[in-house]
Amino acid sequence: MSIRSGLFLFAAAIAAAQAPSDLATKADEQIKASGIHGSVLIAKGGKVILARGYGLADIELDVPNKPETKFRLGSITKQFTSAAILQLQERGKLKVTDLISKYLSDTPAAWSAITIEHLLTHTSGIHSYTDGPSYVQHMRDTSGSPADFIKRVYALPLDFAPGTKFHYDNSGYYLLGVIVEKVSGMKYEDYLRKNIFDPLEMNDTGYDWPETILKNRASGYAKGKDGKEHNAEFLDMGQPYAAGSLYSTVLDMYK
């Protein structure tokens, strides 16, 4: 999805001096003027004051966006992965201070000091598999199993010593998903469904497998070099996994 297409959620410390109706009217005017394609929800004082779609969810079929439109979340997925890890800690299944070698077998010697907390905070030094041009070249490739991914990332040198720097790291969050599965005995997506989505009645949130028939799914777009909208490049959703695989709506995200 391009930056002009997506899901937008604003919760309410904004414009505290404005009456909710005035704020909603002004926001609606500005959003329309921006030309975005997406869905927007604004809440103030614990109440939703604006929830509507703008532009098209499918440009080819002229399908408008609405609050129920399902968008790919991308890296917003990471907050759910983090929540899963912290739930497992609360339940005594792991500690964020644990070394990841406790849960991942045959880790490289250079990884001996890496903890779950390092993965959560992007400070592990593990090379992010999305860095560099080769990732874009292989977006259409079948992702393979988590075991295949682990072998590939094991072969890469660390970018820095664990805990010494911050670098945004999709590999770390992929590995957190593997740890969730190892500790819970459940598939990543099943764990989230049972322990987060279902309890919160987030019925329009899940793993964005492209083969699933999913009502109200938005199409993805990107601007080409010609300045025009194009269908976004296909991405095998096994690749982002626990780092970016989920879909949701503004209504569910507000929950």
> Among ILE100, ILE126, which is the only one that is surrounded by 15 or more Cβ atoms within 10 Å (Cβ to Cβ), more than 21 Å from the chain's Cα centre (by Cα) and among the aliphatic types (A, V, I, L, M)?
Replying inline: ILE100
>> Please determine whether any residue of segment 53-75 is outside the structural domain of ARG193 (by TED's automatic domain parsing), assigned to a strand (DSSP E or B), in contact with a Lys or Arg (Cβ under 8 Å, 6 or more places away or on another chain) and free of Cβ contacts under 8 Å to residues at least 60 places away in the same chain.
In response: yes
> When only residues in segment 181-200 that are surrounded by fewer than 24 Cβ atoms within 10 Å (Cβ to Cβ) and either aliphatic (A, V, I, L, M) or modelled with pLDDT under 95 (or both) count, which is farthest from ASP98 (Cα to Cα)?
Replying inline: LEU200
>> Cβ contacts < 7 Å: first residue touching a residue at least 12 places away in the same chain (Cβ under 8 Å) and in the same structural domain as GLY185 (by TED's automatic domain parsing), restricted to segment 79-101; second residue of a type in the set (Ser, Thr, Tyr) and surrounded by fewer than 16 Cβ atoms within 10 Å (Cβ to Cβ), any location; separation 6+ or different chain. Result?
In response: SER101/SER112
> Would you say MET186 is aliphatic (A, V, I, L, M) and out of contact with any strand residue (DSSP E or B) (no Cβ under 7 Å at 6 or more places or on another chain)?
Replying inline: yes
>> So GLY45 ticks every box in (1) at pLDDT below 95; (2) under 23 Å from the mean Cα position of the chain (by Cα) but one. Which box is left unticked?
In response: (2)
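The values are calculated or read from the model by the stated rules, or taken from the named source; none is laboratory data. None of these values were measured; they are calculated from a predicted model. Please note: Cβ atoms are built from the backbone with ideal geometry, for glycine as well, and neighbour counts cover all protein chains shown.
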